[in-house]
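Working notes for the structure below.
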Amino acid sequence: MAISRHGNSLYRIVFRGESNVLADAFPDLSLEFKDGNTVLTGPIPDRAHLQGLLAQADALGFELVSVNPIGDQRKEPKNGNRH
């Protein structure tokens, strides 16, 4: 799992069950309910922040379904070429 060293990476984190508790615990992330799960989406500044967020959700009793990067605030060339 690559996390940007320069700027925030955007992540979609899914937990089993629907609960507003996660909205209170992570107010900087957007929350939605989908297919019986709670989905948090937003910027994660670094690996330590991501691991802390997952540990806090675990301590609250939430089961992690998935963690997926969905973008990065850094801009990569669209054609895949790097100079």
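Where a number appears in this text, it was derived from the coordinates with a stated rule and is not lab data. As the structure is a computational prediction, the values presented were derived from the model and not from experiment. Here Cβ is always computed from backbone atoms with ideal geometry, including for glycine, and neighbour counts include all displayed protein chains.
Would you calculate the separation in nanometres between label points at Asn68 and Glu18, each defined as 7 Å from the Cα along the Cα-to-beta-carbon direction? Taking the two extended label points, one gets 2.0 nm. Put simply, the C-alpha atoms of the range 9-72 give a gyration tensor, and the ellipsoid matching it has half-axes of 17, 13, 10 Å, longest first. In terms of packing, defined here as the mean over residues of other Cβ atoms within 10 angstrom, the peptides 51-57, 12-18, 65-71 line up highest first as 12-18, 51-57, 65-71.
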